[in-house]
Amino acid sequence: MTEETQKLEEIIRLVLSEMTIDFPNNKPSCGIYSSMEEAINAAYEAQQKLVTFSMEQRGIFIEAIRNEVRNNVELLSKMAVEETGMGRYEDKIQKNLVVVNKTPGLEDLKSLAFSGDDGLTVVELSPYGVIGAITPTTNPSETIVCNAIGMISAGNSVVFSPHPSSKRTSLKTIELINNAIIKAGGPANVTTSVEKPTIAEAELMMSHKKIRMIVATGGLGVVKAALSTGKKAIGAGAGNPPAVVDETADIEKAAKDIIDGCSFDNNLPCISEKEVIVVDQVTDYLLFSMNKHGAYELSEKEDIQKLMDLVMENGQPKKQFIGKNADYILKQLGIDCDASVRAITMEVEGDHPFVVKELMMPVLPVVRVNDVDEAIDLAVKVEHGFRHTAIMHSKNVDNLTKFAKKIQTTVLVKNGPSYAGIGVKGEGYCTFTIAGPTGEGLTSTKDFARSRRCVLVDGLSIR
Ligand code: NAD
């Protein structure tokens, strides 16, 4: 693709994002409003109605959401790739499906009871009310569906403030969720948003008195903004996940897992392997094995520099290369290769910009170190204290334990691809809101609920 075609693509994308979305139903029932005030008021009213339904009925609404999204997974995945110009259609299908199938619902709300001579006390998880959720462009439908399932299961309604660059996909997702709830007999507007989401609208939403909780999923800026509101907030921020490989690892498997994880949706997930740190003894074998599993290795210093000039500007990744295919990036460098190439690897020093910056593209730097202790120390350094995600390939339990203790990340995947950490071919539930900064970890329904105690004195204890 030439520079002119690239510019044209950007212009088309901009025009599309400015277009009003053609919804089949009237706007209010779809939950999309022209002003944030209207969107919040509608969600407020919807929440008042939602809590009048039984838990069984709430569960039916959640099942309806899962089914509606499941039936539209292809559509949402296609829309996201076309609108944002980022990621891989087939991977977005997997991401959307894991959200639908593995995001916890009402079963996550566990009650607690105390009983004795003085009676019975129960602690139950209740809704906050209206939650304001800010969502990223990298997982647009996935984050909205995941947040909606958890937040509505807890009895809340949600005002979404999606990234402007993924507006169409996000608003379509909200429309599907609302239609599912309405078709299942529930209230309209349990999720709402505005026709033209912007950062200014997000700010308006966060400061509105009817918003009782804020959940921000995105980079450092939005998490800081959410935490500065003085309200209850969950912040799910940026990561820069290192993958450490020691000499005891199954190198062939480690190579495949790392390339699979790093290239999943073209490195857009915040949990994806962003750099590899490997002990000298097995570095050459790892690089060789990565080539066998879909990597294209740049071995000349000048090619690495050319790649850096191509994809970075003023120390930051260039927007037009984020989430792009590896073969596309290589073609811009004048290197012809086929679509089987999933990632671009290169050996660099530990302080290289490719290592320290979160690139979100299938460009995977590999750093050679003397031993596992050096690897762990460097991984801790380049993770920047985000406490987000790290990966280790090792068969030495002491090394795995040492790494886990030192890196302190919310997600630590051992001997597998990073996506196993969010339930894709890994055990455990799914989330697309990983709250490292505020400590909830992999958020689910219980995190979107308030703990309330109800005390009955002198009664109902049957012991
Ligand atoms: P982004 O930070 O540019 O935008 C995220 C959202 O925040 C968007 O809706 C945007 O409009 C809004 N926003 C940005 N700055 C804001 C501000 N000052 N006030 C109010 N709203 C603001 O991020 P992105 O490019 O959409 O997503 C990629 C980033 O998000 C990466 O850094 C990635 O690691 C991170 N991420 C984290 C998680 C997680 O669970 N921890 C999940 C997905 C993405």
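Values in this text are rule-based calculations from the coordinates and carry no lab data. In this text, all values refer to a predicted model and were calculated from it rather than measured experimentally. Quick reminder, even Gly has a Cβ in these numbers, built from the backbone with ideal geometry, and neighbours come from all protein chains shown.
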- request: Treating cross-link reach as a plain straight distance, find the lysines whose alpha-carbon is under 25 Å from the alpha-carbon of Lys231, omitting any fewer than eight places away in the same chain.
  value: Lys49, Lys110, Lys196, Lys209, Lys210, Lys446
message: Place a point 7 Å from the Cα of Glu124 along the Cα-to-Cβ direction; which residues of the stretch 139-172 have their backbone N under 11 Å from it?
response: none
- prompt: Quick one: Cα convex hull volume of the stretch 292-341, Å³ per residue?
  reply: 85 Å³
task: For the stretch 360-424, give the magnitude of the charge dipole about the Cα centre (Cβ charges: +1 Lys/Arg, -1 Asp/Glu; no others), in debye to the nearest 20.
output: 160 debye
message: Taking 0.36 nm per residue of sequence separation and subtracting the Cα-Cα distance, how much length would be gained by fully extending the chain between Asn314 and Asp117, in nm to one decimal?
response: 64.1 nm
message: Can you give me the long-range amide H partners of Glu275? Hydrogens built in the peptide plane at 1.01 Å from N, cutoff under 5 Å, separation of 5 or more residues or another chain.
response: Ala243
task: Mind checking the full-extension length gain between Lys292 and Glu252? Use 0.36 nm per residue of separation minus the Cα-Cα distance, one decimal, nm.
output: 13.5 nm
query: In whole Å, what are the Cα extents of the stretch 240-282 along the three principal axes, biggest one first?
result: 30, 18, 11
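Could you work out the relative contact order of the stretch 242-427? I mean the mean sequence separation of Cα pairs under 8 Å and 6+ apart, divided by the number of residues, in percent.
Working: 353 pairs, mean separation 59.0, N = 186.
32 percent.
Restricting everything to alpha-carbon atoms, can you work out Rg to Rh for the stretch 242-427 with a Kirkwood hydrodynamic radius? Present the calculation step by step, with values, prior to reporting the outcome.
Working: Rg = 15.0 Å, Rh = 16.0 Å.
Rounded to two decimals, Rg/Rh equals 0.93.
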query: Hey, what did the chain get for relative contact order, percent, Cα under 8 Å, at least 6 apart?
result: 21 percent
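Looking at the stretch 242-427, send over the antiparallel percent of its DSSP beta bridges, to the nearest 5. Display every interim value, and only then the final one.
On the way: 2 of 25 bridges.
Beta bridges within the stretch 242-427, antiparallel portion: roughly 10 percent.
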- request: Calculate, for Asn67 and Leu333, the FRET efficiency according to 1/(1 + (r/R0)^6) with r their C-beta to C-beta distance and R0 60 Å; round to the nearest 0.05.
  value: 0.85
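Evaluate the stretch 133-282: find the radius of gyration of its Cα atoms, find its Kirkwood radius, and give the ratio Rg to Rh. Don't jump to the answer; show the numbers that get you there.
Numbers: Rg = 18.9 Å, Rh = 17.3 Å.
Ratio value, two decimals: 1.09.
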query: Which distance in nm do the two modelled labels at Val457 and Met55 give, with both placed 7 Å along the Cα-to-Cβ direction?
result: 2.7 nm
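When DSSP assigns beta bridges and you keep just the ones with both residues in the chain, what percent turn out antiparallel, to the nearest 5? Walk me through the intermediate numbers first.
Numbers: 18 of 61 bridges.
Close to 30 percent.
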message: If you build the convex hull over the alpha carbons only and average its shadow over all orientations, what do you get for the chain? Give it in nm² to one decimal.
response: 23.7 nm²
query: Once you put a point 7 Å from the Cα of Asp351 and another 7 Å from the Cα of Lys406, both along the Cβ direction, what distance in nm separates them?
result: 1.9 nm
- request: Using only Cα atoms, locate the centre of the stretch 300-374 and the centre of the stretch 156-185, then give the distance between them in Å, rounded to an integer.
  value: 35 Å
Residue-span extension gain [Asp398 to Asp284] - 0.36 nm each, minus C-alpha spacing: 38.6 nm
